[in-house]
Each structure stands twice: as structure tokens, then as C-alpha cells.
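Remarks on the structure that follows.
What follows draws every value from the coordinates through simple rules; no lab data is involved. Computed from a predicted model, the values in this text were never measured in an experiment. Cβ atoms come from the backbone with ideal geometry, glycine included; neighbour counts cover every protein chain shown.
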Amino acid sequence: MLTKVQRWFSPTRSESKNCIKVFLLAALITTIIFLPFIICDKGLFIFYGDYNVQQIPFYQYAHDAIRSGEVGWSWYTDLGSNFVGSYGFYLLGSPFFWLTIPFPSSWVPYLMAPLFILKFSIAATTSYAFIRRFTKTPHMAIIGAMMYAFSSFSIYNIFFNHFHEVIAFFPLLLIGLEELVMNNRKGLFAMAVALNVFTNYFFFAGQVAFLVLYFFLRCLCLDFRINLKKFGLLAAESIIGVLIALVLFLPCICSLMGNPRTDNMLTGFNMLFYYNPQRYGLILQSMFFPADMPARANFFPDSNAKWCSVAAWLPLFSMAGVLTFLREKRKHWLKTLIIVLITMSLVPILNSAFFAFNSSYYARWFYMMVLMMSLATVIVLENKKMDISFGIKTTFIITCLFAIIGIIPTTEDGKTTYFSAPGYPTMFWINVLIAILCIVIAAFILQKYRKTKTRLYRSSLIALCAIIVVNGVVQVSWGKMQNVDYVYRNVVDRGLNAEFQLDDSEFYRIDVYDGMDNWPMYWRMPTIQAFQSVVPASIMEFYPAVGVDRDVASRPEPKYYGLRELLSVKYIFAENNADNKKTNLDLPPNCVLYDNQNGFDIYENKNFIPMGFTYDSYITQEQFDDSFEDTRDRLLVNSILLDEEQIQKYSGLLEHYIGDTNISDEELTDICEDRRRYTCDTFETSGNGFDATITLKEENLVFFSVPYDKGWTATVNGEPVEIEKVNVGFMAVKCASGENTIEFHYSTPGLKLGFIGTIVGVALFLLYLLLCKKLEKRNPKEFAYNPKGHLEELKNDSLQPTRTEIYQEYELNHPNILIRQVSSSEKDTDLSDQDDPIDKT
């Protein structure tokens, strides 16, 4: 049985069959890793942290929104958000997400694990196709593909489900570039650019930085056939690819405008040195050990790099092949590239180049370095003249040196202890054991089978797959061990399966005290608690103005009573604790217990102000700035904040408030009662905006706590009106006395122009292919597709097969193509044995 399996997964002469086998092998390995957890979770895959509170609810919510056509404005994302702008980063461009659309909503959480299997499999297949260009036979290309697809970067980022799309499709960019330059294949690079922009525009910014570096270093190779014409073709395909993706790319860029997270850049010495010295150790350690779990810093607990994806370990061979390759005296573009990438990871400003020079630290570009390190490793494994024993020994020594961290003494309260420096000692020693075990197994395999390629391949593949499974199961288990029963109850019982019977006669928001992030998204309830990184800039502007931190999530503390009234919060949810006692809550004044449902105490806010209300007075920006941060939320309930221009326009409608800005709980209750005098009679939401009606005694501004965005337009009684940005980040419109019908319509900024750009891009792409066909007919030598063109690059590369081998192998697989005879002077020495002929087409 084992022999049959080995034969089935052995490479063949057909590269298409090899790709299928790599895909199926990766699918099998991923299934083995995930299956125990799927069984444990009764068909689901539940992890911890961001995966549970973002990936699962985002997938299901976006799935439902698209099927219902509500893709303009999202009422379930924070205080309201541009749907395309908010979810373009997470999933809207992912082909894997769109595979869920035909299925019912209840199926979506159960599809997460199968999609993971598909992503890992495609990552292995695309990386194989890239690595195969630089190997003599398919054998080691398969090893490299498995190392890339299952590197510590991939396992770490199971936490971030949407990162795996990028890992899977990135190699296509390099394949497209190589095919255009070396083989004159047109169109592939443009399609790869479009796919990667669609998939994730944020990661594409880093891919552009890498491609520039990759292209420059490849140009230093004499056999990399670049000229002005091909450079022009590359530029044209780059532009066409971006244009094709513009329907999603442009709206996403528009949604980021004004977001403070995109403006911060490194300055001063922070450009040159990380302020935390432990981060240097973490970066280097990540190349020699399985990665720490996100949010579970272990080797360097004070590196301040949680969730930053610092992971670059290759299973089985670790850095042995890479260090051996770097030791070689021969000049090679890949050697230079790896050195440059490692250097960039250690210099803050260079590291930030992969994230548009943002000041936030991330290592989420390491998958690109991992692919290069995988390629270097397989080149070493193929070339018997390269002494890999140096890499094995050096890797073993460095691994042992890092392991010393586990025994260094620490002092706390005057007491010295050992074995407590790591954040999680048990997991620390498990990772050390896996890393050392890999080096020992690799050394044994290389010593015993180095001279026999087939045995080296088979033994390496079996050991590699075993290590991948062990490491994958260990890492996922460690993540799921964070209170398994509690997590399952939160996600399934109180998330996916939760149902509540509440008043549905009017629009309101809810608040959740000390609960799991994004519970309301599971329940499809508007909320003021949200964990979503990409929201309107007005939200990012509003919360800090009232003293609430807003980075990746909106989590206003209970002490901000006024926010609950201003933002139309009607119900407050508080989970019962383990012994079924009520949690000590800091409830706003005038809150009463409404009911207990699904394990939650639900309190009704009697100070609730319905959506759409008026004010009697206004305050100036100076008054707002001079007030205490802790009272600004209450002040905004009492008086509307207007800028100087708005004061000039509306001072006749409102009085200037000059009273005390420090408002008590009792005064807040009275103010809420006053605000409810004139509120909207009806307020109906949709995916394209909202409609409201209100009856006023006299003309006034009607305030809506809906985030201001450039995509909004409004009419009152059928007449277009100007939307005022008030209270830092919300909207108001002027209404006349008597009955008023208010309509707000939302059009996603950049969507129409982006759609036109995509149509133009597709048209240009087709025209480009037609023009290339004509050029190929006129000058086939220079422009025609040449499937063996990239083989020419290998002929003078001492790390690759000789010219004689290349042409003989190619002629064997293509008997109908005339290959010129190779002179005896060109016959180089044999560098390594080959079992299978080369078929690079």
C-alpha cells in the first residue's frame, strides 16, 4: 500500500499531472491536520481570537448581504459603514469567499475548514509551478512547494483566515513576470496582477515593493532577457491588471481616505532601529522555530509584536539549506535577494516599505521571503557539490542557543527562578523539541540518502509531511486550548445559534458589556461595540474626540453614559457568569432589567432616544475642546456641535448653549426626555440608505447618528438638501416645520468609476493580446511565445544542469522540435544525477 502511494505521488514527465499530485498531496495533509478539530467541533472549525470574532461572522454576514443585495451601506458594521470599503480588505475579492455564495447561510461556518484545505492546496500548487522553473527535476520542487505552503507563516496565519488567499496567489505574480521576460508569454502577468489586487489591495502594496526588488536583482543576471520592449510590455500588463481590478480597488482606496491609521509614518531613529531590542531576537528566532501563536508571545514576550505574523520557519530543513546557499561564493540573484530581505526585516523603515511605509510594525510580508528560502533550500538539495552539512551544523547550534532562553533566570519580588523566562514554557519546549527533531531527521536523511536522488526525495517528502502534520496539529491544538468549552459556547451557542425576542417596532442599537467581540454581528443587530479595522474615517475621528480609543475596534467603556443615549442604544446585554449571578455592571442611569435570554441579562435603557432627533441649542468647537473628555459625550446629547460656518447658517434655529458642560446623571435623564420631544416618527433602513419621517413645530436640524461619508446624498420632501457633518462625525439635515419625509441614499464612492475602469481594463487586455499576436507574426523571433526560453538562463548557471542536459532533456520530450546540436566544447561536467527528464513547458 505504501509503495503504491509513493508511486502515485512520484513526479512524472507531465507537469500538469505533477501540479495535480501536489494539489492532492497538500489537500491530504491539510485534511489530516484539520479533521480532528472538525470532528471535535461537530463539523465546524473554531479556533480562537480574531478567527472566531472576525472571520466566521464576516464571512456569514457578507454572504447574506450579497445574496440579499444589501451591498451599499452596512448597518451591522460598527455604527454603520461602507460595505465594499469595509469588507474589500477581508473577503470581497477572494475567489474562495465567492464559492460560499451558492450555499445557504447556515452552511457558511461549516465551509471555513474546506476552504482552508483548498487554500493550502492552491498555495502548494502555485509555489510548485514557480520553484519548478529553477529545478532540474520535479522532485525537489515538490519539497519546496510543501515547505512554502506549510511554513510557520501559513500555520500562524490560520488565525487570520484572509491571509491565505495572498499566500496562495502570490507565486502567480512571479510566474507571470518570468514567463513574460523569459518565454514571451503575454497576458499571464496582467491576470496575476488583477487577481492579487482583487484578493487583497493591502498586501498587494507589499507585493509591488517585492516585485521591484525581485525584478531589479533578476535584471543583474545576464540571461534574464530584459530590454526596453519587454519592460514596456511589463509596464503595460501591470497597468492593465490594476485597471481590471479597479471595480474593487478604487472603492477600497476611497474608503481609506482620511483614516488616521494610513497616515502615520516612521520618523527619527525609529526609522533605523526598533525601539524594543527583543524584536530583533524575535525576527531571527522566527526563522529557526515554529512560530509563537498570535497573542501568545513566548520566546520574546516583550517584543511587542503580537498579531504581527513574525513567522518564517521552514518545516524539516529549517534554515539549513538557506545558510548553505548563502555560504556559497558564487554570485546568484537569489542569494543577494535573501540577504536583502533579511536585512530589510531588521531595519524598521525598510520593513515598512512592504506596508506603504506605515509606522505600525508588521511582518506580514514574510511569506515572500519564505518562498525565496524554499527555493534556495531545494537548489541546495539538488546540487551535490554544495556542502549542506555546514547549514545543518550551523542551524543546530543557533537553535540550541535560542533554546537557552528557556533556562535563563528571572527575578520577581526578589526571588530568582529558572525555566520561567518564556511566556508559555510548555509550548516553548514543544517548539524547541520540534525544531531540534527536524534538524536531526534532516541530518540523518541527508547523510544516508544524499547520493541517491530518488531515495532522498522520497524520504524527505515522507519526513516533511510527518513534520507538517505534527507541527500543524500542535499549533492548532495550542490555539484551541484557550478554554475550549467557553469558546465553543461563545461561538456556537451564544453566537451562531443565539435567538432573541426583542422589540422590533423601531430601529435601535445594542451594547454588550464584557462580551465576545462582534457578537451583535452574529445576531444581526446594530451595535456600538465592533471589532472591524476598516470603518469610515468619521468613526475614527469621533471616538478619540470624546476620549474613546479607536484603533482596530470600537469598545467604548460603560462610563461614557452619554454615548449610549447619543447613539440610540436601547438594550444592554450582559452575560451571566459561571454561577449564574448577575455581573456587577456600570449601567447608565435609568436602566432596568428587561429579560434573561440565551444566557444574557438584557437591560432596557429608559433614556433611549430614537434615531433622528432635534436639538434646542448648539456648542462651538472651542467649548467642546475646553470641556473634560469624560463629559463630552453628555455634552453632545445636550447640544449639537457646529463649526463656525454652520453656526452662521443655523444660529437662528438654535440657541448658543453657555451653561455648565459638566452634566450629572440626573441632568442627563432630563436632557434625554427633552430630546425625545421631537424624534422621527419612522426610521427604515436598507442596504442603500434610510428613510425617515418627522413632524416639527418649527424648522430645525434633524440629527442622525449615522457616520458621515462622501457617498451620502439626501432629500427632504423630495428636494435635495445639504448634509451637514455635525457632532464630529455624524449627519444632520435641515427640515421645515410640519411633516417632513427624509430620504438618505448611499452610493459607494469610486464604485461606478471603478466599474468603468474594469471595463476599460478588460477591453485593453483583449486589444493588447490582439496586438501581441500581430507582433508575433511580424517578428516571431523576438515576440513569439518560446516555451523553452527560460531554459537558456540555466545553461551558464553552475547551480543548475548543464547546457547538454537541458537540450537533451527538452528534445526527448519534444521530438517534433528541432534542437541544434551541442558542440563538444559546450559539454560541461555532470553536476548531479537525474531520474526524470525536464519538461518545463
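Over all directions, the projected convex hull of the C-alpha atoms in segment 613-749 averages 8.5 nm² in area. The per residue volume of the convex hull around the alpha-carbon atoms of segment 148-192 is 57 Å³. Segment 155-174 and segment 118-152 have their alpha-carbon centroids 14 Å apart.
FRET efficiency for the pair residue 223 and residue 411, taken as 1/(1 + (r/R0)^6) with r the Cβ-Cβ distance and R0 = 45 Å, rounds to 0.15. Of the trypsin sites (Lys or Arg not before Pro) found in segment 289-379, those that fall in a DSSP loop while having at most 16 other beta-carbon atoms within 10 Å are 306, 329, 330, 331.
Extension gain, residue 622 to residue 393: 0.36 nm times the residue separation minus the Cα-Cα distance gives 75.7 nm. Ellipsoid fit via the Cα gyration tensor, segment 6-144: semi-axes of 35, 18, 12 Å, each the root of five times an eigenvalue, largest first. By other beta-carbon atoms within 10 Å, ranking 137, 715 with the fewest at the front produces 715, 137. As a rough footprinting exposure proxy, the listed residues 252, 19 were ranked by other beta carbons within 10 Å of their own, and the order from fewest upward is 19, 252. By other beta-carbon atoms within 10 Å, ranking 45, 765, 500 with the fewest at the front produces 500, 765, 45. Checking (i) 19; (ii) 47; (iii) 27 against percent of Cα pairs over 55 Å apart calculated from these atoms, the matching label is (i). Per-residue Karplus couplings for segment 702-711, computed as 6.51 cos²θ - 1.76 cosθ + 1.60 with θ equal to phi - 60°, are listed in order as 9, 9, 10, 7, 10, x, 5, 8, 5, x Hz, Gly and Pro entered as x. Placing R0 at 56 angstrom, the Cβ-Cβ distance between residue 267 and residue 667 gives a FRET efficiency of 0.80 after rounding to 0.05.
Rounded to the nearest 10 degrees, the angle from helix 138-149 to the longest Cα principal axis of the chain is 20 degrees. Pairs spanning more than 22 Å between alpha-carbon atoms, out of 229/752; 186/335; 229/773; 186/331; 335/448; 606/697: 229/752; 186/335; 186/331; 335/448; 606/697.
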